Amino acid sequence: MIKAVIFDLYETLITEWVSRKYLSSQCAGDLGIDPALFRELWNSHHHAMDTGRLTYRQVLTEILIAAEKTPDDALINACEQKRITGKNDCFAAIDENVLQMLSALKQQGLKLCLCSNCSADEVEGLYSSSLYPLFDAVILSYQVGFAKPDRQIYLHCAEKLSVLPEECLFVGDGGSKELFGAQNAGMHPLRALWFMEKYHSHIEPMSFPAARHPRDVLYHINV
């Protein structure tokens with residue numbers, strides 16, 4: 001019996017497609033770094049940022065040093081603000097269908113948890129958003145020190161909700177192998193496709209049950 005629902009954040013509850021997304025190519029241009037080199041360096045540092053070992057500012061500093069550029073605080077400040085602005089846009093444009101779905105789950109007595117791989121700058125807008133009050137627990141990777149698909153973050157969510165992993169439905173778009181991680185932790189994975197199908201031309205196939213509209217989550221709580 002499902003007693004709790006754990007949700008991914010980006011492209012599940014909110015989407016960057018409605019925001020002034022600060023692309024890696026734009027950041028690379030602002031820093032005066034070749035985009036391919038920026039992406040390579042970004043990828044090599046991203047997990048450290050997700051697990052709280054490095055901040056966004058520190059990652060940009062390390063990228064500049066690796067690219068043999070002198071770090072400039074004003075330039076890094078400008079890049080950080082563009083990134084925060086884009087992320088905050090997502091929290092200002094929450095789909096009403098998502099809010100209705102979360103409210104309906106709460107009305108049925110289910111516990112709700114938000115579980116996101118993120119750095120601090122990506123969730124500044126969360127705490128003042130209409131999403132935040134709806135959750136019984138909020139687990140952010142940079143705060144707890146491990147990230148999806150690490151089994152520990154799923155177990156941490158279940159512990160915070162005082163439920164067993166097998167009593168949890170995990171809902172996410174599938175990025176970061178999160179659905180496989182949820183399955184490995186003993187949870188019931190459900191793929192959120194409402195933003196994916198609206199904004200993506202190609203969707204990687206996965207053999208998990210799927211929800212194509214937020215309300216479809218309600219049909220999967222009687223596992």
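The values are calculated or read from the model by the stated rules, or taken from the named source; none is laboratory data. In this text, all values refer to a predicted model and were calculated from it rather than measured experimentally. Because the Cβ atoms are built from the backbone with ideal geometry, glycine has one as well, and the counts that use them run over all protein chains shown. Keep in mind that these areas ignore ligands, DNA and RNA; they rest on the heavy atoms of the full protein, side chains included. Shrake-Rupley method; radii C 1.70, N 1.55, O 1.52, S 1.80 Å.
At 25 °C and 0.890 mPa s, grab the translational diffusion coefficient of segment 144-207 from Stokes-Einstein with a Kirkwood Rh over Cα pairs, rounded to a whole number in µm² per second.
Approximately 199 µm²/s, per Stokes-Einstein.
Show me the three semi-axes of the equivalent ellipsoid for the chain, from the C-alpha gyration tensor (sqrt of 5 times each eigenvalue), largest first, rounded to whole Å.
On the way: eigenvalues 206, 63, 52 Å².
Ellipsoid semi-axes (Å, largest first): 32, 18, 16.
At a 1.4 Å probe, what is the % contribution of carbon and sulfur to the accessible area of segment 40-182?
Using a 1.4 Å probe with all protein chains present, segment 40-182 comes out at 47 percent carbon and sulfur.
Where is the GNM fluctuation largest for the chain (alpha-carbon springs, 10 angstrom cutoff): 197, 178, 16?
Looking only at 197, 178, 16, the biggest GNM fluctuation is shown by 197.
Could you provide, to the nearest whole Å², the per residue accessible area of segment 29-186 with probe 1.4 Å?
Heavy-atom accessible area per residue stands at 45 Å².
What are the semi-axes of the equivalent ellipsoid of segment 1-53, taken as the square roots of 5 times the eigenvalues of the Cα gyration tensor, listed largest first and rounded to whole Å?
On the way: eigenvalues 185, 53, 11 Å².
Largest first, segment 1-53 gives 30, 16, 7 Å.
Here is the link list: 111/148; 177/198; 69/177. Which ones come out longer than 29 Å on Cα distance?
69/177
Cα gyration tensor of segment 70-185, axes a ≥ b ≥ c as square roots of the eigenvalues: rounded (a/c below 1.5), prolate (a/b > b/c) or oblate?
On the way: a/c = 2.45, a/b = 1.46, b/c = 1.67.
It comes out oblate by the Cα gyration axes.
So which GluC sites (Glu not before Pro) in segment 67-106 pass both tests, a DSSP loop state and at most 14 other Cβ atoms within 10 Å of the Cβ?
Values: sites: 68, 80, 96; in loops: 68.
Counting only loop positions with at most 14 other Cβ atoms within 10 Å, the GluC sites (Glu not before Pro) in segment 67-106 are 68.
Restricting to DSSP loop positions (anything but H, G, I, E, B) with no more than 15 other Cβ atoms inside 10 Å of their own Cβ, which trypsin sites (Lys or Arg not before Pro) remain in segment 25-89?
53, 69
Against the longest alpha carbon principal axis of the chain, how many degrees, from 0 to 90 and to the nearest 10, is the axis of helix 151-161 turned?
In the chain, helix 151-161 runs at an angle near 50 degrees to the longest axis.
I want to verify a result. In a Gaussian network model of the chain, Cα cutoff 10 Å, which of these has the top mean-square fluctuation: 95, 50, 73?
Residue with maximal mean-square fluctuation among 95, 50, 73: 73.
Rounded, prolate or oblate: which fits segment 40-79 when a ≥ b ≥ c are the square roots of the eigenvalues of the alpha-carbon gyration tensor, with rounded for a/c under 1.5 and prolate only if a/b beats b/c?
Note, shape of segment 40-79 comes out oblate.
Out of 75, 54, 164, any idea which swings most in a Gaussian network model of the chain, alpha carbons joined below 10 Å?
Greatest mean-square fluctuation among the candidates belongs to 75.
Write down the radius of gyration of segment 1-112 and its Dmax, each obtained from C-alpha positions, in Å.
18.0, 56
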